Amino acid sequence: MSANPPVKVRFAPSPTGKLHVGNVRTALVNWMFAKGQGGAFVLRIDDTDLARSTAAFEQGIEDDLTWLGLVWDERYNQSKRFDRYEEAASRLKAAGRLYPCYETGEELDRRRKVQLARGLPPIYDRAALDLTEADKAAFEAEGRKPHWRFKLEGRRVAWEDLARGHAEVDTTSMSDPVLVREDGLFLYTLPSVVDDIDMGITHVIRGEDHVTNTGAQIEIFEALGGPTPGFAHMPLLVGADGQALSKRLGSLSIAEMREQGYEPIAITSHLGRIGTSDPLEVGASVDALGDTFAFTKMGRSPARYDTADLDRLNAQALHAMPYSAAQVRLAALGVDLGETFWNAVRPNLVKFGDVVDQARIVQGPVTPMIEDAAFAEAALGLLPAVIDETAWSAWTSAVKEATGAKGKTLFMPLRLILTGQAHGPDMATIIPLIGRDRMVQRLNGETA
Ligand code: GLU
């Protein structure tokens with residue numbers, strides 16, 4: 001029997017902005033790993049920074065995740081857990097691992113510049129460790145409040161990273177991280193560790209920009225008595241041009257993509273699979289994405305985020321969408337013209353909203369494109385009395401015989417006249433929906 005606890009992961013966004021494709025990729029990889037292992041997915045709102053966090057952004061995060069189908073099993077707000085962080089901070093202080101510092105930002109800057117000028121790494125010099133009680137009292141009397149740093153052990157911290165393999169961070173090359181600011185604000189580093197322990201998180205999965213952080217956090221896990229979870233650090237996203245996306249992420253919000261008409265399954269299939277060896281295809285459902293996921297499929301190079309891929313997946317999702325799934329949305333757009341219509345037009349859709357344009361082919365108005373009036377007149381004369389599913393083939397055979405037109409020169413002019421467009425749905429299926437009256441009008445050159 002395995003002694004391993006069931007997998008439990010967390011997605012921990014800060015409600016200081018909208019969710020963007022980078023966040024959602026992190027959420028998805030957590031989700032897929034959890035689902036694939038039969039584990040739990042926790043949503044943790046990292047809102048210790050009360051000044052920057054807003055209820056609107058928090059709501060936005062929930063709305064976006066729900067829309068994408070990423071349903072959380074448990075949910076927490078860090079802002080409701082300050083007593084736990086206080087308790088952890090007290091324990092670290094008692095153990096001599098959290099120490100007060102009184103330097104101002106300018107003082108620290110000056111020291112860094114001096115270190116750099118001497119060719120030394122700009123690491124905090126731990127001067128505060130030498131402060132006597134009298135020194136501290138003097139600072140306090142001046143009105144200074146301490147910020148608190150975690151005393152790193154300064155060693156090689158190593159772990160087996162699920163995404164990167166053997167990983168090591170040398171904490172001697174790092175400044176002791178500030179865990180509590182002078183205004184009492186807990187920076188993300190400590191609350192995250194306290195929560196991961198309290199909530200029984202088994203794996204921390206996040207971007208590789210957190211690797212150094214992990215070195216310090218593993219020391220904090222150990223200082224607090226652990227257990228230390230497993231870690232996976234994913235390569236970051238780059239754009240189609242190979243440039244880091246981080247600066248552009250603000251404009252790649254899920255809310256905006258939703259407005260632009262992207263399907264949630266296209267977004268999740270795309271973000272869940274870029275940077276892995278899985279083919280970039282639409283998954284059956286967001287739940288099913290976990291079935292094939294494995295960290296061994298994740299490459300070490302950055303994942304390319306290309307809108308062209310997303311568009312292709314979006315079209316693929318629409319082409320496979322059954323009428324039952326489309327019906328309510330068709331009705332909302334006022335174009336629920338039945339299952340035959342949906343099946344005929346869905347191969348032409350890139351975004352769901354394109355269906356309105358397709359409905360115009362059936363409901364009008366269409367301005368016919370007539371290049372050869374004699375051809376249109378001949379076709380009109382041969383139009384069958386009843387337009388059913390067999391009408392197209394009978395009609396085009398007759399027009400072919402009468403005009404000598406065949407292949408593209410036969411079908412394209414008829415399509416242009418009847419739909420006003422060079423591309424569109426299967427004509428045999430769509431003409432019974434257009435109906436004979438409108439066909440006659442369009443063949444006569446009338447907008448109908
Ligand atoms: N709130 C942190 C962030 O968004 C969470 C990082 C983590 O997953 O530990 O960067």
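Cross-link partners of LYS247 among aspartates and glutamates, defined as those whose alpha carbon lies under 18 angstrom from its own and excluding same-chain residues fewer than eight positions apart: GLU208, ASP209, GLU256, ASP306. For the range 64-80 versus the range 265-325, the inter-centroid distance based on Cα atoms is 21 Å. When every Cα-Cα distance of the range 83-194 is counted in 5 angstrom steps from zero, the calculated P(r) takes the values 2, 10, 16, 20, 20, 15, 9, 4, 1, 1, 0 percent. Pairwise alpha-carbon distances in the chain exceed 30 Å for 59% of all pairs.
Cβ crowding within 10 Å, taken as a proxy for footprinting-reagent exposure, orders ILE123, ILE274 from fewest neighbours to most as ILE123, ILE274.
Note on ALA95 and ALA294: with the Förster distance fixed at 35 Å, the Cβ-Cβ geometry gives a FRET efficiency of about 0.35.
Distance between the 7 Å Cα→Cβ label points at ALA51 and GLN260: 3.4 nm. Between the listed residues LEU383, THR409, ALA315, the Cα displaced farthest toward the positive end of the dipole of the range 281-422, a dipole computed from Cβ unit charges relative to the Cα centre, is found at ALA315. With respect to the chain, whose longest principal axis is taken over its alpha-carbon atoms, helix 408-419 is tilted by about 80°. Going from the fewest other Cβ atoms within 10 Å to the most, the residues SER173, SER192 appear in the order SER173, SER192.
Taking a cut-off of 15 Å between Cα atoms, list the aspartates and glutamates near LYS400, but don't count ones fewer than 8 places away on the same chain. Qualifying aspartates and glutamates at Cα under 15 Å: ASP372, GLU377.
To the nearest 0.05, how large is the calculated FRET efficiency for ARG329 and GLU153 if R₀ is 56 Å and r is the Cβ-Cβ distance? According to the calculation, E is roughly 0.45.
Placing +1 on the Cβ of every Lys and Arg and -1 on the Cβ of every Asp and Glu, with nothing else charged, gives the chain a dipole about its Cα centre of roughly 580 debye.
Work through the residues other than LEU237 whose Cβ is under 15 Å from its Cβ and net out their charges, Lys, Arg +1 and Asp, Glu -1. That works out to +2. Cα centroid separation, the range 398-448 to the range 90-169: 77 Å.
Farthest toward the positive end of the dipole of the chain, out of GLY226, PRO425, LEU280, is the Cα of LEU280, where the dipole comes from beta carbon charges about the Cα centre. You can think of it this way: the chain between SER393 and LEU187 has 67.0 nm of extra reach, that is 0.36 nm per residue less the Cα-Cα gap. Overall shape of the range 212-272 was characterised from the C-alpha gyration tensor. The equivalent ellipsoid obtained from it has semi-axes of 34, 15, 11 Å, in decreasing order.
Is there a pair in LYS8/LYS351; LYS93/LYS145; LYS18/LYS93; LYS8/LYS80; LYS93/LYS136 whose C-alpha atoms are over 27 Å apart, and which pairs would that be?
Numbers: LYS8/LYS351 35 Å; LYS93/LYS145 16 Å; LYS18/LYS93 36 Å; LYS8/LYS80 21 Å; LYS93/LYS136 15 Å.
With Cα atoms farther than 27 Å apart: LYS8/LYS351; LYS18/LYS93.
When all alpha carbon pairs of the range 372-419 are counted in 5 Å bins from zero, the resulting P(r) reads 4, 22, 37, 27, 8, 1 %. Label positions at VAL71 and THR340, each projected 7 Å from the Cα along the C-beta direction, are separated by 3.7 nm. When only Cα pairs below 8 angstrom with a gap of at least 6 residues are kept, the chain shows a relative contact order of 14 percent.
The C-alpha atoms of the chain define a longest principal axis, and helix 307-319 lies at about 50 degrees to it. Bridges between two residues of the chain, per DSSP, are antiparallel at a rate of about 45%.
Taking only the Cα atoms of the range 331-448, the ratio Rg/Rh comes out at 0.96, with Rh defined as the Kirkwood radius.
Quick note: the coordinates plus some simple rules give every number you see, no bench work behind them. Because the structure is predicted, anything quoted here is derived from the model rather than measured. Every residue, glycine among them, receives a Cβ derived from its backbone with ideal geometry; neighbour counts consider all protein chains shown.
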